[in-house]
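Here is the structure we will look at.
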Amino acid sequence: MLTIEEVKTRLKNKYQSAVKKFEQPYGTRLYADIDKSKVREISNEIIGMGGRYLVSVGYDNIARDKTLGLIHAFSLDRDDIFVCLRTAAPVDNPTFDSITPDIPNAGWSEREYMDLLGMKFSGHPKPKRLILADDWPEGVYPLRKEVPWNLMPPPAENVAYQLDEAPEGCTTIPVGPFHPTLHEPAHFAVYVDGETIKGCDYRGFMVHRGLEKLCQTQLTYNEIPFVAERICGICGSVHATSYSQAVEMAAGFRISRRAEFIRTIMLEIERVHSHLLWLGVAGHLIGFDTIFMQAWRVREAIMWFGEKLTGNRKTYGMIVVGGVRRDISPELKDELLGILKTIEKELVTIHKAIVGDSSIHRRTKGVGRITTDETRLWSLVGPVARARGVDIDTRRDHPYAAYDEMRFDVPVVDSCDVWGTVVVRILETFEAIKIIRQALDTMPAGPTMTEFAEDIKPYQHAITAVEAPRGEVVHYLISGEENRPERWRVRAPTYPNLQGVPAMLLGDQFADLPIIIGSIDPCFSCTDRVVKVDIRSGRISNLTGGELETISRAKKLAGR
Amino acid sequence: MDILYIAVNILVFLLLAPLFEGVIRKITARVQSRQGPPVIQPYYDLLKLLGKQNLSAGTVVFKFAPMLALASILGVIVFLPLGYQANYLTKYADVITIIYLLTLGGVSVLLGALSSRNTYAAIGSSREMITMIMVEPVLAMTFILGAVKVKSMGIAASISSVTAGGYGASVIVMMAAYLMALQAFVGRQPFDIAEAEVEILEGPFIEYSGPNYALFKYYLILKQMFYAALFVIVFIPPFKTGWYGADVLIQMAFVLVVFIGIALMGATHPRLRIDQAQKFYAVLIAASLAAVGLSVYGI
């Protein structure tokens, strides 16, 4: 066990003047301002202390000191500490040392800021475009303050994303942008030899809606939760809670205990319905539609309850800065207990059926295999990590809401494959039911909303994590003037997990691709948060729009 | 009269095959706690597809493949001694003809798929080809089992004499092998590998739509009914009432039972991977060979 003081001493002793300042506004958060030249070394030092890379946050600080700021956030899971390394580079030469060679999961974050802020990372192994559309012009960096939120620059001509070179002797199979395996647009170019997968390239972010920029420029603190929950079609409460907690933390403000309990209940309701949804989808992906239909039938009851409780079938519109909008009445409590009882009973049946079905084992065991060490290296999160022997769960490691009072197990298995994720998710659903029951039992009385006493001071940093059904969600907030955040960075669990998918696919059969991608329960809308991208049907070609149109017309006529 | 039986064969198959497909869909739905479409939905589907615009990938092969497939399966059906009555054509062909015509249907699917030059169709075709090569022997051995007993390759003779002399070990083994291969014959779970919607989006048929697709769909459901009917004709001992119509009805009742089995099997299994299926098929081939071997020794 490390204490925050020990972390400080270690950094100070080893790096002396490279560590300029510590800030510690909240017991478990450590913000360290460090010298740009030591970013890579100090990041590795934190990893060496048992840290796990979370996300990087880049921000525009030009107006104040002509720099671009960069923050690498880490979690020390055993010690309940978040460490954020803050650094900056002058805007006329925004070059940083890339940490990706040591921490592969930082690859996307760094590419994101190459696209959005114009930063440069020396030593980055794959400095390709990640977020911006292919026809977005060079030199326009949407996250800089000078770029208006609704800018529509003229598109660049004759550009197309260049897929990675296919390995020798391999065929490219395009999966996406629209494909039944992917329930949202994304494009995987899968390189196969026969039916064995030898590699894959990913081009996503096709539904990047620019939410962060929108919220930083147009909305206010109190409005953002309603946008935050719409980041995801499933984990609404997760994002709203995580955002609200970040604002509350920046303000140094505590909400009522009852509201914290209700948030806990909402988060667990979400876990129950999300895991049932996933179970159905997983069944469908291996061609077992009976599991699909049955899991969704069982799930339906909790959706109806969600509508009764929040006014929305989905768990939207419930969580706001300062508490929750609706209370759980005694009648609703009884109804929820009844629903949980039914779900638990039916889930036991489904669980038994799945465990006893040898053909499901055949399709999931040994599939999507990566080792525990690789999982750690790639900083994977959630059930994907827990199925591979990595014992992390934000609810237990960094308690928030009312989780400090809840007693629950964190299921971890070490089968390191897709089967593990099935088991972990089913067991977690039982745990979620357990947590809801405890929360309902022990919920204290009190108000559901607490008003803020004073304005939030600008330029306060806050980082919060919430365990979503898919894994941990991280929100980083820098408070701003004008009653809105200066910078708000969202990292959904699919963001790290998707980066680990190519490793899981390697050497498996093409027929396993749907369930492997499915096993991380990908949520592309969460991962893509900012611009529409247009790429061709996936074949490596350079058709112009006009040519494509001509071809499709000719094809249509030929059929007459 | 003999010639009339041919018409009966074709009519019974054309009219009932979509109904049996509807039964499968209904049962699958019930297993999944769904209401399910009406049993006659497949007729609507076919009609709707027939009324749509025909889109073509541009090659002649692409256009003719569905017709060839449908024609070849109808060609198989006419030879079938439905209602235990050999018809006018039955004596002109032998079991080799049936196997050839069935293969021709499969080959048409491959030709159509490959001529579309779609990547998914290509994967689907290679899977379809593997399936064809590996399950066809089970069908061939079934016929040969009968042929060995009567020393004739004639359709009526070989088909109706598999169970002649009772249910010996060879017949039981063959029956089991046939039943297990049935899901692969009809392309249903766990062996719907060639079409696998979530991986390769209906594989060979991805580029087909409208009337062309309707012909393929009809081909598939006729083929499915053929394999179910063949099981009934070969392995269920004749219940001859003396009236042709009644005999046909009894056989159709058995076919319905086989279809219920197919539906339940399909609804309770996930799809296997092609490499896993291959191992399974290999076992089936070995079993059917063993059955023929046993029958040579009269077991």
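Read-outs: derived from the displayed coordinates by stated rules, not from any lab. This structure is a prediction, so every number in the text was calculated from the model and none was measured. Every residue, glycine among them, receives a Cβ derived from its backbone with ideal geometry; neighbour counts consider all protein chains shown.
Could you tell me whether segment A:211-527 comes out rounded, prolate or oblate from its Cα gyration tensor? Rule is a ≥ b ≥ c as square roots of the eigenvalues, rounded for a/c under 1.5, then prolate if a/b exceeds b/c, otherwise oblate. Taking the square roots of the gyration eigenvalues as a ≥ b ≥ c, segment A:211-527 is oblate. Charges were assigned to the Cβ only: +1 to each Lys and Arg, -1 to each Asp and Glu. The resulting dipole of segment A:211-527 about its Cα centre is roughly 440 debye.
Treating each Cα of segment B:18-177 as an identical point scatterer and ignoring solvent, apply the Debye formula and state log10 I(q)/I(0) at q = 0.16, 0.18, 0.19 Å⁻¹. Treating every Cα as an identical point scatterer, log10 I(q)/I(0) equals -1.16, -1.23, -1.24. Quick one: work out the % antiparallel among DSSP beta bridges in the protein assembly as shown, nearest 5. Percent antiparallel among DSSP bridges in the protein assembly as shown is about 90.
Restricting segment A:172-216 to chymotrypsin sites (Phe, Trp or Tyr not before Pro) that sit in a DSSP loop and have at most 15 other Cβ atoms within 10 Å of their own Cβ leaves A:PHE178.
Take the convex hull of the alpha carbons in segment B:2-296; its mean projected area over all directions comes to 15.0 nm². Find the percent of Cα-Cα distances in segment A:333-419 that exceed 22 Å, and round it to a whole number. Here the tail beyond 22 Å accounts for 48 percent of pairs. Set Lys and Arg Cβ to +1 and Asp and Glu Cβ to -1, take the dipole of segment B:2-296 about its Cα centre, and tell me which of B:ILE10, B:GLY203, B:TYR120 lies farthest positive. Toward the positive end, the furthest listed residue is B:ILE10. Relative intensity of segment A:82-197 on a log10 scale, I(q)/I(0) at q = 0.12, 0.18, 0.19, 0.23 Å⁻¹, equals -0.61, -1.15, -1.20, -1.35, per a Debye sum over C-alpha point scatterers of equal strength in the absence of solvent.
For chain A, which longest stretch is free of loop sites, where a loop site is one of the GluC sites (Glu not before Pro) that DSSP puts outside H, G, I, E and B and that has at most 15 other Cβ atoms within 10 Å? In chain A, the maximal stretch lacking such sites is A:224-450.
Pairs of Cα atoms in segment A:4-131 fall into 5 Å distance bins, from 0 up to the last occupied one, in shares of 2, 11, 22, 24, 20, 13, 7, 1, 0 percent. Per q in 0.14, 0.18, 0.21 Å⁻¹, report the Debye log10 I(q)/I(0) for segment A:382-481, using one uniform scatterer on each alpha carbon and no solvent. Log10 I(q)/I(0), no solvent term: -0.69, -0.94, -1.09. Considering all different alpha carbon pairs of the protein assembly as shown, the Kirkwood hydrodynamic radius works out to 30.1 Å. Estimated purely from DSSP H runs of n ≥ 4, each contributing -39500 (n - 2.57), the mean residue ellipticity at 222 nm for chain A is -12500 deg cm²/dmol once divided by its residues. Taking a span of 27 Å or more along the helix axis (Cα atoms) and a mean Kyte-Doolittle hydropathy of at least -0.5 as the rule, the DSSP H helices of chain A that qualify are A:257-285, A:289-310, A:330-356, A:418-442. Please report how far the C-alpha centroid of segment A:370-432 lies from that of segment B:224-294, rounded to the nearest whole angstrom. Each part reduced to its Cα centre gives a spacing of 46 Å. Separation of segment B:92-136 from segment A:439-484 is 61 Å, based on Cα centroids.
The loop-placed trypsin sites (Lys or Arg not before Pro) in segment A:38-70, going by DSSP, that have at most 11 neighbouring Cβ atoms within 10 Å of their Cβ come out as A:LYS66.
With distances taken between every two different alpha-carbon atoms, segment A:176-334 has a Kirkwood hydrodynamic radius of 18.1 Å. Among the trypsin sites (Lys or Arg not before Pro) in segment A:313-404, those located in a DSSP loop and surrounded by at most 16 other Cβ atoms within 10 Å of their own Cβ are A:ARG313, A:ARG325, A:ARG326, A:LYS365. For the listed residue pairs A:LYS333/A:LYS457; A:LYS21/A:LYS66; A:LYS12/A:LYS145, the alpha carbons are over 31 angstrom apart in A:LYS333/A:LYS457; A:LYS12/A:LYS145.
If you bin all the Cα-Cα distances of segment A:285-368 at 5 Å, starting from zero, the percentages per bin are 3, 12, 17, 18, 14, 12, 10, 8, 5, 1. For segment A:102-143, the alpha carbon convex hull comes to 66 Å³ per residue, rounded to a whole number. In whole Å, what three semi-axes, largest first, describe the equivalent ellipsoid of segment A:130-249 built from its Cα gyration tensor (square root of 5 times each eigenvalue)? The three semi-axes for segment A:130-249 are 34, 21, 11 Å.
Within a straight-line Cα-Cα reach of under 16 Å, A:LYS345 can be paired with the following aspartates and glutamates, leaving aside sequence neighbours fewer than 8 residues apart in one chain: A:GLU300, A:GLU335, A:GLU428, A:GLU431.
Summing charges over all other residues whose Cβ lies under 12 Å from the Cβ of B:ILE123, with Lys and Arg as +1 and Asp and Glu as -1, gives -4. Annotation: for a label point projected 7 angstrom from Cα along Cα→Cβ of A:THR196, residues of segment A:471-510 with backbone N closer than 19 Å are A:502-510. Relative to the dominant Cα principal axis of chain B, helix B:95-115 is inclined by about 10°. The distance between label points at B:SER152 and A:THR3 comes to 9.9 nm (points 7 Å beyond Cα on the Cα→Cβ vector).
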